Amino acid sequence: MFCYRKHLVAPLFGYRCYFVKNKSVNNMCESITPADQRNVEVKARIPGGAEGFEKRLILARNLSGSQDAQLIEQRDVFFESPLGGRLKLRYLQAPSRSQLVYYDRPDVAGPKLSKFNKTEVDEPEVLEKILRQSNGVLGVLAKRRHLFLCGQTRIHLDEVKDLGHFMELEVCLKEEQTLEEGQAIAEKLSSELGIQEEDLMTGSYFDALRKLNR
């Protein structure tokens, strides 16, 4: 019995020393939270139907150096987000990978700060099922996006199913840039793209869609 305990305790003691000395194992229990990504955003309706939309396409193309737009078909599934903000699973067409996106921004008109985090998803259908079961689903929004790049700003001209034509600016803030610097860029581009104050939106496309369907 004594010999059995001797051989049993020694290996256990050795394991304890290994785990204490091996910092990489200890660090497995620690995590580093990345900083939020930041945009300054403007969202606006485009009046004038297809003709008004075409005019804005021309303006955006000129601002981007006459580059053609990148066409992106998107299908966003929105989920309950108990702690606030908005949570959506964005389906994209191959070869692009779908994305899970969480973002938080105030519902005010004009340039506003959006803090967000996103990650690419290889099996969006499985993730959608999990989130439907765990969080609950709010609804789905589909759109065709025309993407132009102007400096550090993404110009989106969107054809949103059941809603109409819209424009969105996303000024991608650098780490050292302030909100005020981003707002100045957004305001200048808004003026150059002919965005009027009465066309500014406070909420999201999905908010507008839910109001329409009530």
Worksheet, complete the sentence: Rounded to the nearest 10 Å², the 1.4 Å probe accessible area of ILE185 is 50
Discussion item. Using only DSSP helix segments of four residues or longer, with each worth -39500 (n - 2.57), what per-residue ellipticity at 222 nm results for the chain after dividing by its residue count and rounding to 500?
Written reply: -10500 deg cm²/dmol
Practice prompt. Could you work out the equivalent-ellipsoid semi-axes for the chain, taking the square root of 5 times each eigenvalue of the Cα gyration tensor, largest first, in whole Å?
Written response: 47, 21, 16
Practice prompt. Filter the cross-link list LYS161/LYS211; LYS143/LYS174; LYS55/LYS174; LYS118/LYS143 down to pairs whose alpha-carbon distance in this structure exceeds 23 Å.
Written response: LYS143/LYS174; LYS55/LYS174
Fill in: Percentage relative contact order, the range 121-214, counting C-alpha pairs under 8 Å, at least six apart
19
Practice prompt. Sort LEU149, LEU138 from largest to smallest accessible area, using a 1.4 Å probe on the heavy atoms of the protein chains.
Written response: LEU149, LEU138
Worksheet, complete the sentence: Here the longest stretch of the chain that holds no GluC sites (Glu not before Pro) in a DSSP loop having at most 16 other beta carbon atoms within 10 Å is 81-174
Worksheet item: Going from most exposed to least, what order do ASP199, ASP36, ASP76 have by accessible area with a 1.4 Å probe?
Response: ASP36, ASP199, ASP76
Practice prompt. Could you state how much accessible area LYS88 has, in square angstrom rounded to the nearest 10, with a 1.4 Å probe and all protein chains kept in place?
Written response: 20
Item to complete: State in Å² the accessible area per residue of the range 37-213; use a 1.4 Å probe, count heavy atoms of protein chains only, and round to the nearest integer.
Response: 53
Item to complete: Let me have the relative contact order for the chain, percent, based on Cα pairs under 8 Å that are six or more residues apart.
Response: 26
Worksheet, complete the sentence: Taking R0 as 30 Å and r as the Cβ-Cβ distance between ASP36 and GLN93, the FRET efficiency 1/(1 + (r/R0)^6), rounded to the nearest 0.05, comes to 0.65
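The values are calculated or read from the model by the stated rules, or taken from the named source; none is laboratory data. Just so it is clear, the model here is predicted, and its values are computed rather than measured. Please note: Cβ atoms are built from the backbone with ideal geometry, for glycine as well, and neighbour counts cover all protein chains shown. Accessible surface areas use protein heavy atoms only, side chains included; no ligands, DNA or RNA. Shrake-Rupley method; radii C 1.70, N 1.55, O 1.52, S 1.80 Å.
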